[in-house]
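Read the structure below first, then the notes.
The values are calculated or read from the model by the stated rules, or taken from the named source; none is laboratory data. These numbers were taken from a predicted model, which means no experiment stands behind them. Ideal geometry is used to build each Cβ from the backbone, glycine not excepted, and the neighbour counts take in all protein chains shown. Quick note on the areas: whole protein, heavy atoms, side chains included, nothing else; ligands and nucleic acids left out. Shrake-Rupley method; radii C 1.70, N 1.55, O 1.52, S 1.80 Å.
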Amino acid sequence: MMLSPLVSLPEEVIANIISTIPDTSLLSLWLTCRKLYRICGSPLEMRNRCLLFRFWDERHDIKKKAEQRPIDVDWKGLFLHRYIVDKETTRLLNLIIEQPTDHITRFNQIADFGYDAKDCLARHAEASDDEVSDSLARRWHATAAIRYIHRRRALSIIRRVSTHDDVPLEVAIGCLELFNHDTASPDLDDTIREFDRLAALFSESCPEFSTLSTENKSVTLIKWLWDQGFTGTPVDRYRALKNAFVGMTIRTVRTAIPLTLVAIFSGVARRVGLKTYACGYPRHVYAMVEDEETGGYQYYDLYHTSRSTDDPRVDEDQLRHHIPAEWDIVRLLSLSPAKIADMMIRMAQNILSTLELPQSERLHTNHGYPHICENAMLYVALTTMVVLEPSRMTRNVVRHMTQQIPDDFPMDVRFLEEEILTKIDNARDRDLMENVCNALRAEDSTPKIASRRDTPETGAVLHHVGTIFRHRRYDLNGVIFGWTPTCCPTDGEAWIQQMRVDNLSKGRKQPFYNALVEDGSVRYVAEENIIPIKPKSADELSRLAGKYFKRFSKEEGKFISNVKYEFPDD
C-alpha cells in the first residue's frame, strides 16, 4: 500500500501541519495510521488544543494542570471530553431551536456540562446571518443557555457559602452579577481577572509595599483605590442597582456603597498579602485588616466622599462608643469579622430596598448607569436570602417565585424543585410551589395546539406571524408572533375591562395579536391598531426576536417564523 506523502515527512514537520487543522479533521486524521495517531494524540498537541478553549468547568482545575508537564496530565482525555461536549451541546441546542417541547430538559442537560459547554454556546451565540438560516433563534437560545449556566454557577457559590465560610468576599458578592442578563459580559471569571489586574497595577505602583507596616500597607492601598475612582457613591445614587455589583463597578462607574467597596478592597488586598474581613457594623460596613505582628484588628472606612477626611482609619473605641452599652452581643458581633453569608444577605437586602422604591425614584437613581434587569435582581435577592437563611421563606417569597420564574426563567424549575421546595414548611405554600413546577414541566412536554386559518373566523385574521408594524395610537414598533381571532387575553375579562377594549371601534370581536415591542415588552394589540410596515432593517427587534423567529428577511421586510408548530399557515 502506498503511504501518504504526509507520513513520509519529518515528524516535527507533520506536528506543525497538524497543529493548524481543526479538531474534527484531527480526529479523522489520527485514525488513518499508527504514526499519525501517535503524533496527533501527543500530550503536547492535546495540551495546546485544550488550552485554546477559553472556558473550563472548575472541577478540572485547568490552571493547575497547565503548570504541570504535558506528560503528567491526561490531555487526550480532556480533549476528547470537550469534543464530545461540543457535539452534544450543539445537538441539544438544535433540538431546542427545531422542536417546541422538552426545552427545560434539554437546557438542563446542557447546563449539566457547566462551563465546559460555554465555548460552544458562545460560538452559536455569535452566529452570523451568512453562516446559518436560523441566526436569530440560534443566538437567542444559545445566550439563554449561557445565562442559565451563569445562574447555576452563582447558585453553587451561594450553596457553598451556606455550608462553609471559605468563599472570598469579592467572589461571594461578585457572583450575584451572574443573574443579571442585561450585561454584555457578566462572567465571574472576567471579574476575577480584573482583581488580578488591579493587584498587579498596585504592586507596580508601590514597589516598597512589602517593607511597610500593616497599617501603612492598608492606608496606602485604600488611597490608591480612591485614586482609581473607588469612592463613595453620591447620596442620590446610593440605591442604584449598579452599586450592588462588584464587577460592574470595576468596569464602569467606580463609585459604590460601603459593602461593595469593602469587597473590592478585600479582593485586591488578599492578592497583595493582607488578611482582610468585612465588619458588619449597624448601618455601615467597614474593612477589617488583621495586624501581621499583633494579630489584632484595624478598622478602615472605604466610603470616601468629598465631605470625608483623607484618613480612612477608624478608631475601634469610637466604634464601640456608638453602640449602646446594653447591646453587648451586638457590639461583640459588629466589631468581629462578619460571616460571608451575612454580607451576602445584607447585599440582597440592599437590592430589595432599591426594588421597593417608587418607579420614578428607581429611574432617577439608575439613570445613566448600565441597564440591569429588575426581575433578575428580585430573583437573585430572594434566592440568596432563602438559601442562606431558610427561615426567610415566607408566603410572600413563595408567591414572588411562583409568579416570576415561570415567566422569565422557566428552565430554573429544577432549582425550585431541588432547593426551594425542600425549604418550605407550610403545606399550602409547598403545594402551590409543587403545582407550579408540575405545570411548567407539563407545559414544556405537551405539544402546542396549532392555530390554523381553516375557518371563516380564523381566515379573517388579516396579519401574519412575522409582520412588523407600527402601533396606530402609540409611537412604537413591534412584530407579531401570535394571534387569536377575537380578544382572548390570558387575564380574561378583567384585562378587557381594564384596557377598555369595548371602547375600540371594533370592540372585542376582532383579531388580536401577540406582539414583541422594541422596548422589550410583550403586548396584546387589536387589529385596528396594527399598521404593517416593511423596513429594510429591524435591529432593535432582532435583538429580542430569537425566541420566536429564525431570522429577519431584508427582501420581505419581515421576520421568518420559528413557531410554525403553533401557526402552521403563517
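Each of L221, S203, T231 was placed along the dipole of the range 199-260 (beta-carbon charges, centred on the mean Cα), and the one lying farthest toward the positive end is T231. Short-range pairs are left out: with C-alpha atoms under 8 Å and at least six residues apart, the relative contact order of the chain is 13 percent. Accessible area per residue (1.4 Å probe, heavy atoms of protein chains only) ranks L93, L421 as L421, L93, with the largest value leading. Among A137, L93, L121, flag the residue with its Cα farthest along the positive direction of the charge dipole of the range 46-163, charges on Cβ as +1 for Lys/Arg and -1 for Asp/Glu. The one lying farthest along the dipole's positive direction is L121. Across D412, D342, the residue with the most accessible area heads the list, and the full order at a 1.4 Å probe is D342, D412. Sorted largest first, the spans of the alpha carbon positions of the range 77-232 along the three principal axes are 63, 41, 38 Å. How large is the accessible surface per residue of the chain, computed with a 1.4 Å probe and reported in Å² as a whole number? For the chain, the solvent-accessible area averages 50 Å² per residue.
Between Y37, V479, V253, whose Cα lies farthest towards the positive end of the dipole of the chain when Lys and Arg beta carbons carry +1 and Asp and Glu beta carbons carry -1, centred on the Cα centre? Toward the positive end, the furthest listed residue is V479. Of the DSSP H helices in the chain, those that are both long (alpha-carbon extent of 15 Å or more along the helix axis) and hydrophobic (Kyte-Doolittle mean at least 0.0) are 75-98, 258-271, 340-355, 374-388. Under the combined filter of DSSP loop state and at most 14 neighbouring Cβ atoms within 10 Å, the range 96-155 retains these GluC sites (Glu not before Pro): E126, E131. A Cβ-based charge dipole, computed about the Cα centre of the range 258-299 with Lys and Arg at +1 and Asp and Glu at -1, lands at about 260 debye. Ranking E443, E293, E566 from most to least accessible surface, computed with a 1.4 Å probe over the protein chains only, gives E293, E443, E566.
A straight chain from L357 to S128 at 0.36 nm per residue would run longer than the Cα-Cα distance by 78.4 nm. Based on DSSP H segments of at least four residues, each scored -39500 (n - 2.57), the chain has a per-residue ellipticity at 222 nm of -14000 deg cm²/dmol. The order of the peptides 218-229, 64-75 by mean Cβ neighbours within 10 Å, most packed first, is 218-229, 64-75.
May I ask you to give the percent of accessible area on the chain that is carbon plus sulfur, with a probe radius of 1.4 Å?
Looking at the chain in its full context, I get 51 percent from C and S.
Stokes-Einstein diffusion of the range 72-117 at 10 °C, 1.306 mPa s viscosity, Kirkwood radius from Cα pairs, rounded to a whole number: 139 µm²/s. The count of lysine pairs in the range 453-570 with alpha-carbon distances below 16 Å, taking only pairs 8 or more places apart or on different chains, stands at 8. Our summary gives the range 464-538 a relative contact order of 37 percent, counting only alpha carbon pairs under 8 angstrom and 6 or more residues apart.
In a reduced charge model with +1 at each Lys and Arg Cβ and -1 at each Asp and Glu Cβ, the chain shows a dipole moment near 1200 debye about its Cα centre.
How do 20-30, 540-550 rank on mean C-beta neighbours within 10 Å, highest first?
Ranked by mean Cβ neighbours within 10 Å, highest first: 540-550, 20-30.
For the range 374-522, the convex hull spanned by the alpha carbon atoms encloses 147 Å³ per residue. Each Lys and Arg contributes +1 and each Asp and Glu -1, all at the Cβ; summed about the Cα centre of the range 431-550, the dipole is approximately 580 debye. The packing ranking, built from the mean of other Cβ atoms within 10 Å per residue, places the peptides 455-466, 232-243 in the order 232-243, 455-466, highest first.
For the range 191-253, the fraction of C-alpha pairs more than 19 angstrom apart is 41%.
Its residue count N fixes a reference of 2.2 N^0.38 Å for the chain, and the Cα radius of gyration divided by that reference is 1.15.
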